[in-house]
Every structure is written in structure tokens, then in C-alpha cells.
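A short worksheet on the structure shown next.
The values are calculated or read from the model by the stated rules, or taken from the named source; none is laboratory data. Keep in mind the model is a prediction, meaning the values are calculated, not measured. Cβ sites come from the backbone with ideal geometry, for glycine too, and all protein chains shown count toward neighbours.
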């Protein structure tokens, strides 16, 4: 119940907004926040109308506030406009119903048509209902991307709404953002140097979705229903989109299928050529695939920075930040493949205590994963699972962290012929990679980076496919190709 003088609830404000803009609106039945959405909130909204029940989708800024000052994309109003422009160009998209204004009190955001389909990447790869369409999705992705890249930025006003980001500027922008976090992760710095040494030729800037991947596509048995999440769009090299959907992070455990875990690169390129008449060079895709892992390795760390000082301090953000090691291993697999060796476990601390530290962690993890998750339901059940996964990371860090740190320190002492601390030597390596005083082909460097990234991943997410690929390079050191 809303008492006099109390601020209106989210549901009250939303109902008032929809009543103003939707003919036939009668009542708001529910507004349920969906799981996921670490940077923005997404809701399924059920309403009653004179024509019967209707479902809508709502997206708004985290916490229901204004746009983040750190946002570099088109903003939520711009994202809604991109949905409209793409839909007009033949890209499968939902219809935009309403864009919020500041006076409505709902924060930055918009409401759009609800479309039925599967958007969870792992389910897209495993759903029996999608078995027949999966082999055709890579080709369809190529067709859709060609339509997106065929949109005229000048005629649609996108040159004024979106920033233009050439490849070199993009690499440096991401590198600068990562360095602003004040952390030293040499594999990220190494990959930035490699990318700057392998920049593609300049191309006329086109509309780049910039997050076109399995997980941002809604799929039905008939194919692609919608392209979602335009929040990162810009003007630049369109091949960025082709490389991103090939990035291993979005194959969901099926690394052998380079395009989204469901298809092959040749099919993606064939679909693109069928609409655009342009044949994309696979080497050009490879550059942007490396960039994709670099980009996500660096930008996932932003989740930890946002958690430390942002409005949305959910347990999801720090967990996502620990995914950086997945992408760092992917970078190593793509540009410096070779053998790696994982460290052995160290006995848990306080082993004479009863219960031990690791047993306390396990008890809390199991409570979250089993009891709390079942009792909570909805998004909170999802967050309970995320929290339990974070405790798994802590447990592995207790067992593997000491040996991992010793191994990293020993390799760095050998690399620099120095007995300085691990932190000092790691910083020295990053500084040398950043200022160019350390050559990328320095003896022992690639071996050190591979092993450091792989052992960190063994702590953060040992089930990630990139670790198995890294371990396989001892037998076959050739880079991964489709």
C-alpha cells in the first residue's frame, strides 16, 4: 500500500507511464526482473488491455537511475532508436513501445514488444527444439550482420548520434580503460601490443552492433527472432561484429564450432556475402577475434570497479570480473599457443582446526546452492548460485593460489634476473610492455604468460574450454582455426 507522502513504487510509476502511452491499457499485472543483466536491468512486464493480456519487455539503467557517466555507447534512448532503424532495414527486431522521459521517475530506459524465443546462449546450443535450426544459424548471422552493416549512417542520422571508433583507437581506448583500474595483468598488456602490431587496413566506418554474439540473439525454431542489446553500438570496422561472435567466450563449451558454438566460419562468411556481395578475409576476422578476448578480459574487470563504487552492488559483478582469466587464456591460445603446466594443490590452511576454513566455505556454498536457491526463486535464486560459484573460486584459491604465486614469482625472477617481490616484478613486466621496452619475442616471456594465465584460470573457472585448449597445445602447438 502506498501511504500519503511516500514515494511512488516502481510498479505505480510504470503503470502510470503505460496508461499514458498505450491505448487500451487497463492494469499492470506484474513486472518481474529477469536474471542476468549486470550493467542494465531487464524486466518481463505483464499488462491487461481491452484486447486481453499482453507481455512487454522493459530495459532501464541499473538501479533505476540516470545513464552512467561512464557510459560510452548511444544511451538507452539511442538504443531504442537503433532498434527502430535496424527493424526498418530488415533486421529482426521488436517494436519499440515507449522511451521513458526524466519526469516519469523510472530512470533511463524503454519498453518494447515482447518476443518469444530463446536468448540464453547455452540453451540455444542444447535445446532439442532448436536442433534443426542450429546448423543454419551461422549463415543467418552473416545475413543479419550484412543488413546491419549496410545501414547508411549518414542517412539515418547515426553519424551524429554515435561515435566513430577506428581499430587503433578502439584498442587504445580499451587498453587505457584497463590501466585505469590500477591492476597489473601482463597478458592483457601483451595482447594490446600484439593488436597494435597487427591492425587491419582502414575501412569506411559502418554501424557496428559491438555485442553481436550468442546470448544477444533471440532464437526460435525458425531462426533469428531478434538482435538484442544495442547499448555498445558505434561506427567503425564492421568485421568487429564477425570476430565477436567467433570469440570463445560465447561458444559455451563448444570451441570446435567457431561461430557462437553452433556453426562454422565459412557459413558465416557465405551468409554475409550473399547479402553484401563482400567476401570477408578470415585473417581480418582473426584480428577481431583476438580483440574480442582482449576486450572482454579488460572490460570484465570493470564489473569489479563498478561494484566497489557503483549503485548496483550485486554479487554478480565481482563474479563476472573473475572471468577475465578465461579471456586471457583465449588470447594466449590465439597468439602465443604452447605447452602449459598446472600447479599441484597445497593443503588447506588451518588443517588442524575443526572445522577447517575450507569446510566452512563449503558449508556456506552448499547452503546457497541448495537451500537458499530453492527457497528464493527468480533473480535472487540466480544470484544465490552466483554467490556459491564465487565461494568455489575462494576454495580453489586456497588450494592452488600459493603454488600458483610461487610459480609466477620464480618465472619472473628468472625473466628479470631479480629477487624483487612478485608484485614489483609483475608491475615491472606490465610497465615494460606498456612503454615498449620489453619486446614481445623476449625469451621466456610467452611461456611465462601462458602458464600464469592457465594457472589463474584453473582457480577461477577450471571447466572453461580455453583451459583444455591450452593444455592440448603441448601435443599440437598450432593456433586455433575454424
Answer residue from region 24-43, given it is closer than 17 Å to residue 121 by Cα and modelled with pLDDT under 90 and is farthest from the chain's Cα centre (by Cα) among those: 34
Qualifying residue in region 372-379 (condition: in contact (Cβ under 8 Å) with a residue 12 or more places away in the chain, touching a strand residue (DSSP E or B) at 6+ places or on another chain (Cβ under 8 Å), over 22 Å from residue 330 (Cα atoms) and assigned to a helix (DSSP H, G or I)): yes
Spans of helices (runs of 4 or more DSSP H) in region 119-171 with at least 3 residues at pLDDT 95 or above: 121-126, 134-149
Residue pairs meeting the criteria (Cβ under 8 Å; at least 6 apart or on separate chains; first in contact (Cβ under 8 Å) with a residue 40 or more places away in the chain, in region 193-213; second outside any loop (DSSP other than H, G, I, E, B) and surrounded by fewer than 19 Cβ atoms within 10 Å (Cβ to Cβ)): 199/168; 200/284; 205/164
Test set (1) assigned to a helix (DSSP H, G or I); (2) free of Cβ contacts under 8 Å to residues at least 12 places away in the same chain - residue 352 fails condition number: (1)
Filter result for the condition that a residue is over 21 Å from the mean Cα position of the chain (by Cα) and buried (at least 19 other Cβ atoms within 10 Å of the Cβ), over 199, 158, 195, 217: 158
Which numbered condition residue 90 fails, given (1) under 22 Å from residue 210 (Cα atoms); (2) out of contact with any helix residue (DSSP H, G or I) (no Cβ under 7 Å at 6 or more places or on another chain); (3) surrounded by fewer than 20 Cβ atoms within 10 Å (Cβ to Cβ); (4) modelled with pLDDT of 95 or more: (2)
Single residue of 85, 148 found to be surrounded by 18 or more Cβ atoms within 10 Å (Cβ to Cβ) and in the same structural domain as residue 261 (by TED's automatic domain parsing): 148
Residues within region 55-77 that are at pLDDT 90 or above and surrounded by fewer than 17 Cβ atoms within 10 Å (Cβ to Cβ), tallied: 2
The listed residue being at pLDDT below 95 and out of contact with any strand residue (DSSP E or B) (no Cβ under 9 Å at 6 or more places or on another chain), out of 204, 186, 221: 204
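Residues are listed down the side, and each one gets a yes or a no for (1) closer than 30 Å to residue 34 by Cα; (2) surrounded by fewer than 17 Cβ atoms within 10 Å (Cβ to Cβ):
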{"position": "143", "(1), (2)": "yes, no"}
{"position": "168", "(1), (2)": "no, yes"}
{"position": "185", "(1), (2)": "no, no"}
{"position": "204", "(1), (2)": "no, yes"}
{"position": "207", "(1), (2)": "yes, no"}
